[in-house]
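Student: Can you read through this structure? Questions will come right after.
The values are calculated or read from the model by the stated rules, or taken from the named source; none is laboratory data. Note that the coordinates shown come from a computational prediction; the quantities given were computed from them, not determined experimentally. All Cβ positions, even for glycine, are placed from backbone atoms using ideal geometry, and neighbour counts span all protein chains on display. Just the protein is used for accessible areas: all its heavy atoms, side chains included, with ligands, DNA and RNA removed. Shrake-Rupley method; radii C 1.70, N 1.55, O 1.52, S 1.80 Å.
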Amino acid sequence: MSPAQAPGPAVLSRPRAARAVAVAAVLAGLLWVASGVLNRVLLWQVPGLPYQLVNLVVPPALDFSLRPGEHQVSAMAVVGAVVVAVVVAGISALALRGLPASGGRVALFLAVWFGVVAASAVASVVQVMAKFAPLGADAATVNALVPWLTRGGHWGLMLGWVAASGAVATLDRTRAHPTPPAAPPAP
């Protein structure tokens, strides 16, 4: 057999890849919402906690207002959560395309984590555009945007490993319990 005819490594099956992508996307979207809600609850409902510590440990992602008497989620916050899930799904799917059937756990973990960082930055831009677009593009507005934009990347760095771990665990679990092959059609 010539090198051109030699079979390559077995490629990851589509159902296994789809499960890992779905888990990564859903976890990232849920984390986006949960961290925003938890951040606001800790800041407004628990007196005495330093806001710098809360923002470091539970980064505020979702634009959610939980002041007494206010329970609102903006439309752009919902769009942001969807953007996070879609971008993570896209980057995870690209990472899984070339992944061999066995191995590749570290590559998948790092790719999904990067996907979450990228997705959170994009979702932060979506929320910033909705909040600051009416103000115009003067220097003061641009300076006011920087903390909002860096918050998205920080969120991805702090919590992206959770979605990445979920994708790797799903991939490992489907490896341990492979899907049985479909029955051949009856004649």
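Student: Of the residues that sit in segment 15-39 and are open to solvent by 50 Å² or more (accessible area, probe 1.4 Å) and touching a Ser or Thr at 6+ places or on another chain (Cβ under 7 Å), which one is nearest to PRO100 (Cα to Cα)?
Tutor: By that ranking, first place goes to PRO15.
Student: While we're here: In the list PRO187, PRO147, PRO134, PRO180, which residue meets the criterion of being at pLDDT below 85, under 30 Å from LEU12 (Cβ atoms) and either open to solvent by 60 Å² or more (accessible area, probe 1.4 Å) or not in a loop (DSSP other than H, G, I, E, B) (or both)?
Tutor: Values: PRO187 fails: under 30 Å from LEU12 (Cβ atoms); PRO147 fails: under 30 Å from LEU12 (Cβ atoms); PRO134 fails: under 30 Å from LEU12 (Cβ atoms).
Within the list PRO187, PRO147, PRO134, PRO180, the selection yields PRO180.
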